[in-house]
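Throughout, read-outs are computed from the coordinates displayed, never taken from laboratory work. Note that this is a predicted model, so its numbers are computed, not measured. Heads up, the Cβs are rebuilt from the backbone with ideal geometry, glycines too, and the neighbour counts pull from every protein chain shown.
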Amino acid sequence: MSRAPESPHGPLLPILYREIEDRCRETAESLPPWPCRRGCDDCCRRLAEPPRLVREEWRRIEIGLQGLAPEVRSEIEDRLVATAELDTGPVVCPFLELESGACGIYDHRPSTCRTYGFYQLRDGAAYCRIVEEHADRDTEASPWASKIVWGRQESIDHRLKQAYGAPIPLRQWLRERRDSTTGQQPGTS
Ligand code: SF4
Ligand code: SF4
């Protein structure tokens, strides 16, 4: 299937991830202490639904899974199978390492996880309650909220969609994966 051309500077995804990372770092550094950090797992433990992602992101996650220690991968694989069967949220993200609270695929996580806590939808939705509480602590001595320049989530979504097609729920990727390993026709379960 043909796709719209990616960025003239190369594949979009690494460029986009770098841009998001730069923006998040700048935001966090300009307004310390920003609460997002690796190991803060509140958002990962209470997802309204597992992330949506484009095929290229899913391909990267598969690479990330292959690099995990066997016991960690085995635990995550079991939870991926269970998540494929779920029809509704909320869910604990199957990629979360439950004991440490770290993302098991941190370097390969999708864009929605990278922007979460730093980007907003136009209507102001889609950021974390911890960040929100932090933002509400706007005082004269610490004018936090008034200085936040939120990233625009729609812009990221639009660029991803242009380059790779519409993002698909994680469950759907997991079901395709399950069906391809069991030889089942996609969509027959
Ligand atoms: S978005 Fe919220 S829960 Fe997630 S890392 Fe940031 S502060 Fe923690
Ligand atoms: S992929 Fe990683 S960062 Fe994203 S929700 Fe899951 S555990 Fe959290």
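For A102, nonlocal amide neighbours, meaning residues 5 or more places apart or on other chains whose placed amide H falls under 5 Å from its own, are E97. Return, ordered by residue number, the residues of the range 60-82 whose backbone nitrogen is under 14 Å from a label point located 7 Å along Cα→Cβ of S100. Answer for this model: 65, 67-76. Report, to the nearest 10°, how far helix 70-85 tilts away from the longest principal axis of the Cα atoms in the chain, using its own Cα long axis and a range of 0 to 90°. Helix 70-85 sits roughly 80 degrees off the main axis of the chain. Taking amide H atoms as placed 1.01 Å from N in the peptide plane, the amide H of Y119 lies under 5 Å from those of G151, each 5 or more residues away in sequence or on another chain. Relative to the longest principal axis of the Cα atoms of the chain, the long axis of helix 170-182 makes an angle of roughly 20 degrees.
For the peptides 146-155, 104-113, residues were scored by their other Cβ atoms within 10 Å and the scores averaged per peptide; the highest-first order is 104-113, 146-155.
A cut-off of 5 Å between modelled amide H atoms, ignoring neighbours fewer than 5 places along the same chain, links I168 with L53, V54. Mean projection of the Cα convex hull over all viewing directions, computed for the range 12-177: 9.9 nm². 3J(HN,Hα) along the range 36-52, derived from phi through the Karplus expression 6.51 cos²θ - 1.76 cosθ + 1.60 where θ = phi - 60°, amounts to 6, 6, 5, x, 7, 10, 4, 5, 6, 8, 9, 7, 4, 7, x, x, 9 Hz, with x in place of Gly and Pro.
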